[in-house]
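Note sheet for the following structure.
The values are calculated or read from the model by the stated rules, or taken from the named source; none is laboratory data. The shown structure was predicted, so the numbers you read here are calculated from the model rather than taken from an experiment. When we count neighbours, we look across all protein chains shown, and the Cβ atoms used for this are built from the backbone with ideal geometry, even at glycine.
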Amino acid sequence: MAGDCKAGSYDYRKGWLLNEKSVDGSFEAKAPYVDNGTGLVEPQRYFDPAFMRREWSELWTRTWLLAGRVSDIPEPGDFFRFNVGSESFLVVRGTDREIRVMYNVCQHRGARLVASDFGNLKEIRCRYHSWAWTVNGAICDITDRETFRPEVLEGSLDLSKVRHDVWGGFVFLCMDEKAPPLAEFLGVLEPHLAVYRLEDMVTVKDVEVEWPANWKTVVDAFLESYHVHAIHPEILPFYDDYHQQWDLYEHGMSRMLMKFGAVSPRHEDQDSVNDFLAGMLAEVGIDPEGFGKAAGDVREAVQKAKMKLSDRLGPTAGDYALNQMTDDWAYFAFPNVTFNIHPEGALVQRFRPHESDPEKMIYDVTVLIHPIRDPAIQIPAYMGVEEGTDCTGSTRPQRRYLTRGDGGVGPVLEQDGRMIPFVQAGMHSRGFRGARLSEQEQRVRHFHREIDRYLDGEKW
């Protein structure tokens with residue numbers, strides 16, 4: 001099943017194209033090939049505490065990090081907490097309705113100020129000695145102030161502010177004042193994703209789970225589909241996991257364009273309209289029994305039918321490429337966020353390092369959708385939206401804290417969760433010399449090359 005018929009047919013400098021007729025300059029167009037070499041990816045970076053410490057000082061504290069959604073802080077005093085590594089931040093809507101991001105730490109003795117993930121604050125008061133700040137971060141109460149010598153209280157006692165910006169309805173923060181602006185850092189992701197109107201989407205799923213693996217081990221898995229035939233074979237009847245388009249961009253950003261509604265070349269039956277394809281036809285009002293064509297015709301038929309119904313997808317629907325009607329355009333925002341995006345919504349995955357253990361990480365799964373009031377609109381099943389979920393946007397689900405293996409992230413993602421710890425364990429073997437990456441895994445190599453640029457002092 002590995003595909004002997006494809007032997008010798010791949011030109012790595014050209015790669016596959018989602019649309020052979022795509023126009024230069026269009027968002028579908030293939031990016032120029034980036035040659036990141038052929039060297040092995042050394043295993044120590046996945047478990048060495050010293051490497052983890054270098055990453056913290058040279059990478060995490062110098063890049064733009066996705067903290068959360070603007071929609072979670074609509075009113076003055078609303079806040080959410082964002083933790084990454086050893087740091088904790090408060091993202092707050094001030095009394096002037098401006099967003100502020102502050103370190104979640106008391107200026108007296110260093111206690112963490114807020115322990116909740118979401119809420120509303122009238123003031124920010126430390127539980128240890130009762131110092132307090134306004135929601136704008138200004139000091140407003142020092143308990144027994146008269147007992148401090150004046151010199152001790154010199155200088156600013158306000159909460160330390162953090163550089164931040166907003167894009168696509170997300171709040172990003174950056175601990176480095178020298179880093180380029182967020183728009184420059186994101187590069188092509190801003191214009192490419194604008195049509196999807198991420199800022200108008202609502203949260204319908206929000207889960208967090210700790211996985212026993214390095215954060216990069218998990219990122220690697222979601223930057224390639226080479227593993228799909230082995231780990232997720234059930235999706236091969238409606239997903240071409242081989243003929244994908246991989247694009248590499250500046251600042252470690254990348255994407256892969258994945259054909260849905262097309263049978264994998266690894267699947268035995270290439271002709272029949274299987275049950276999965278029939279379901280895709282039915283979703284857009286095409287009777288599978290009367291379709292009268294082969295499996296290879298389904299994707300285009302679904303695209304054209306969906307485009308006719310595109311008024312349901314919002315005011316910018318006419319700006320979508322035909323392939324966006326069916327396909328998963330999977331973007332990676334360096335260093336740690338993936339967007340599997342469709343006109344209906346987006347599966348957003350965030351991969352956070354553990355605060356002290358290089359072989360643990362925090363895996364966040366958020367599903368965003370455009371509010372649905374038309375029951376004919378279907379959310380891609382693999383995004384893991386449970387039956388009965390309110391998709392109108394009138395309620396925001398609470399964050400769920402899961403245990404790996406309980407199935408709450410969805411069946412496909414759970415399969416990855418079962419496999420990844422075996423990868424993490426195997427990299428310790430004296431018999432493993434390092435990862436040998438195919439061109440199907442070129443996004444993985446691009447990701448690690450960008451990490452090295454930070455660690456080697458090549459960045460700003």
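Go through 282, 295 for me and flag whichever is at pLDDT 95 or above and within 22 Å of residue 322 (Cβ to Cβ).
On inspection, the qualifying residue turns out to be 295.
Of the numbered conditions (1) of a type outside the set (Gly, Ala, Ser); (2) buried (at least 17 other Cβ atoms within 10 Å of the Cβ); (3) within 30 Å of residue 360 (Cα to Cα), residue 121 satisfies every one except a single condition; which is it?
Evaluating residue 121 over (1) of a type outside the set (Gly, Ala, Ser); (2) buried (at least 17 other Cβ atoms within 10 Å of the Cβ); (3) within 30 Å of residue 360 (Cα to Cα) leaves (3) as the failure.
Report the residue count in segment 252-287 for those that are over 29 Å from the mean Cα position of the chain (by Cα) and surrounded by fewer than 20 Cβ atoms within 10 Å (Cβ to Cβ).
12
Are any of the residues in segment 181-193 hydrophobic (A, V, I, L, M, F, W, C), in contact (Cβ under 8 Å) with a residue 40 or more places away in the chain, more than 28 Å from residue 399 (Cβ to Cβ) and surrounded by 13 or more Cβ atoms within 10 Å (Cβ to Cβ)?
There is at least one residue in segment 181-193 that is hydrophobic (A, V, I, L, M, F, W, C), in contact (Cβ under 8 Å) with a residue 40 or more places away in the chain, more than 28 Å from residue 399 (Cβ to Cβ) and surrounded by 13 or more Cβ atoms within 10 Å (Cβ to Cβ).
Criterion first (farther than 19 Å from residue 60 by Cβ, β-branched (Val, Ile, Thr) and at pLDDT below 95) does residue 195 satisfy it?
yes
What are the residue pairs meeting all of these: first residue in segment 408-429, first residue closer than 26 Å to residue 386 by Cα, second residue part of a helix (DSSP H, G or I) and hydroxyl-bearing (Ser, Thr, Tyr), Cβ atoms under 7 Å, and 6 or more apart or on different chains?
Every condition considered, the pairs that remain are 410/382; 412/382; 420/217.
Looking at residue 233 and the list (1) in the same structural domain as residue 408 (by TED's automatic domain parsing); (2) closer than 26 Å to residue 27 by Cβ, which single condition is not satisfied?
Just one mismatch for residue 233, condition (2).
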